[in-house]
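See below for the structure under consideration.
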Amino acid sequence: MEQGIERRVLEFIEEHHIFTLAVSRDNRPWCATCYYVYLEDLNLFIFTSDHDTKHITDVVVADNYYAAGAIALETRMAGKIRGIQFAGLMRELTGNELKTAKSAYLKAFPIARLARLHLWGLQPEIIKMTDNRLGFGKKLVWRHNEQ
């Protein structure tokens, strides 16, 4: 686990299983909704996506592996709004990292055994959480290598 990520941020990430992934190619953004598993020890979001999807094609063709994501708690009650935004580098997983990720992903989503998995990881360099339970608009921010 990266030092400095607040436990309540990690708990929020672990309570959810879908994020919105945002990429850009030729200055044109694109979003995709993905099931994810978060590997706390590696500070890595794991998701599956085929090579021919728009979001993966955009990343590979543009050679721009910097991506962003968001996870939100859907609520109409302003005092309960919580969500995170994050950004970092994504990569297709290989080797031991792939083995670890596949095991975790299939444990979380056993139905995925029926599909061909192309696992990707997104390693956040910044995570920002909004948690209105702590006060309206309260932000918790973590940056890689920032003490």
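Structure notes:
- Applying a DSSP loop filter and a limit of 15 other Cβ atoms within 10 Å to the chymotrypsin sites (Phe, Trp or Tyr not before Pro) in the stretch 94-144 leaves Phe136.
- Cα-based reach from Lys139 at 12 Å (exclusive), listing aspartates and glutamates while leaving out same-chain residues under 8 positions away: Glu6, Asp131
- Among the listed pairs Lys99/Lys128; Lys80/Lys128; Lys80/Lys138, those with a Cα-Cα distance over 18 Å are Lys99/Lys128.
- Answer label, with Rg and Dmax of the Cα atoms in Å calculated from the coordinates and candidates [x] 19.3, 65; [y] 15.7, 49; [z] 15.4, 44: [z]
- Cβ crowding within 10 Å ranks Ser103, Ser49 as Ser103, Ser49, fewest other Cβ atoms first.
- A cut-off of 5 Å between modelled amide H atoms, ignoring neighbours fewer than 5 places along the same chain, links His144 with Ile126.
- Under 5 Å from the amide H of His118 lie the amide H atoms of Ser49, each residue being 5 or more positions distant or on a separate chain, with H modelled from the backbone and absent for Pro and chain starts.
None of the figures in this text is laboratory data; all of them are computed from the coordinates on show. The structure presented is a predicted model; accordingly, all values stated were derived computationally and were not measured. Cβ atoms come from the backbone with ideal geometry, glycine included; neighbour counts cover every protein chain shown.
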